Amino acid sequence: MSSTTFTVHTSLSPSEVMALMTDFGPSRVANWPNIDEAHFEVHETGPDWAEVTEGTAMGWERERYSWNAAAGTIAIETLDSNLWGPGSGWRYRLTPAGDGTDVQVTLTRVPKSITARVLAALIPVVGGRTLGKQLRSVYRKAESR
């Protein structure tokens, strides 16, 4: 198992961050660079949860999102994936901070292939920096609308 935790600041409010992260409509593919149309499918949704498949040809996951807007938390559990096994997922905590929101992210990966083992070994070393940069770019794009 491999994990990393990092924090990204955005000028978006916690409710705007929550809305962006839990919008599973057609704009999701345009908003998130690590999701392509061929690997995006919404299976089911509820008022505070969604089951979706998202990713790219290199790596895709069927995930269950659950969120609590009042608490500012989002949990994503990997249900199936070409790379990651049970116990993999994401946790987000949204905290109001000055002019916006601090988003604390914890990523946990349980590899289920040789390729995934190599990627998992890199997560503690470069995961926070690389994934943080990608998340900041998503938020910057949303901030400019």
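The values are calculated or read from the model by the stated rules, or taken from the named source; none is laboratory data. Since the structure is predicted, the reported quantities are computational estimates derived from the model, not experimental observations. Heads up, the Cβs are rebuilt from the backbone with ideal geometry, glycines too, and the neighbour counts pull from every protein chain shown. Heads up: the accessible areas ignore ligands, DNA and RNA and are worked out on the full protein's heavy atoms, side chains in. Shrake-Rupley method; radii C 1.70, N 1.55, O 1.52, S 1.80 Å.
From the list G59, G55, which one is open to solvent by less than 80 Å² (accessible area, probe 1.4 Å) and on the phi > 0 side of the Ramachandran plot?
Exactly one residue qualifies, and that residue is G55.
Return the total of residues in the range 101-115 being open to solvent by less than 50 Å² (accessible area, probe 1.4 Å), at pLDDT 95 or above and not basic (K, R).
Total satisfying the criteria: 8.
For the range 86-100, what are the residues that are of a type outside the set (F, W, Y), open to solvent by less than 40 Å² (accessible area, probe 1.4 Å) and within 16 Å of the chain's Cα centre (by Cα)?
Within the range 86-100, S88, G89, L94 qualify.
Considering only residues that are charged (D, E, K, R), open to solvent by 60 Å² or more (accessible area, probe 1.4 Å) and farther than 14 Å from R145 by Cα, which ones fall in the range 9-30? Don't jump to the end; show me each part of the working.
As a first pass, look at the range 9-30 and keep what is charged (D, E, K, R): 16, 23, 28.
Next cut, open to solvent by 60 Å² or more (accessible area, probe 1.4 Å) only: 16.
If the condition is that a residue be charged (D, E, K, R), open to solvent by 60 Å² or more (accessible area, probe 1.4 Å) and farther than 14 Å from R145 by Cα, then no residue fits.
Please tell me if A50 is within 17 Å of S15 (Cβ to Cβ) and either open to solvent by less than 80 Å² (accessible area, probe 1.4 Å) or touching a Pro at 6+ places or on another chain (Cβ under 6 Å) (or both).
no
State whether the residues of the range 36-43 include one that is surrounded by fewer than 16 Cβ atoms within 10 Å (Cβ to Cβ) and in a loop (DSSP other than H, G, I, E, B).
For the range 36-43, residues surrounded by fewer than 16 Cβ atoms within 10 Å (Cβ to Cβ) and in a loop (DSSP other than H, G, I, E, B): present.
Of the numbered conditions (1) closer than 20 Å to G127 by Cβ; (2) within 15 Å of the chain's Cα centre (by Cα), D36 satisfies every one except a single condition; which is it?
For D36, the exception is condition (1).
Could you give me the residue pairs with C-beta distances under 8 Å whose first residue belongs to the range 77-88 and is farther than 19 Å from E41 by Cβ, whose second residue is open to solvent by 30 Å² or more (accessible area, probe 1.4 Å) and charged (D, E, K, R) wherever it lies, and which are 6+ apart or on separate chains?
Short answer, once both residue conditions are applied: G85/K112.
Restricting the range 1-31 to residues that are assigned to a helix (DSSP H, G or I) and of a type in the set (A, V, I, L, M), which is farthest from the chain's Cα centre (by Cα)?
Of everything passing the filter in the range 1-31, A30 is farthest from the chain's Cα centre (by Cα).
So which pairs qualify, if the first residue must be in the range 100-120 and over 30 Å from E16 (Cβ atoms), the second must be hydroxyl-bearing (S, T, Y) and assigned to a strand (DSSP E or B), the Cβ gap must be under 7 Å, and the two must be at least 6 apart or on different chains?
A120/S2
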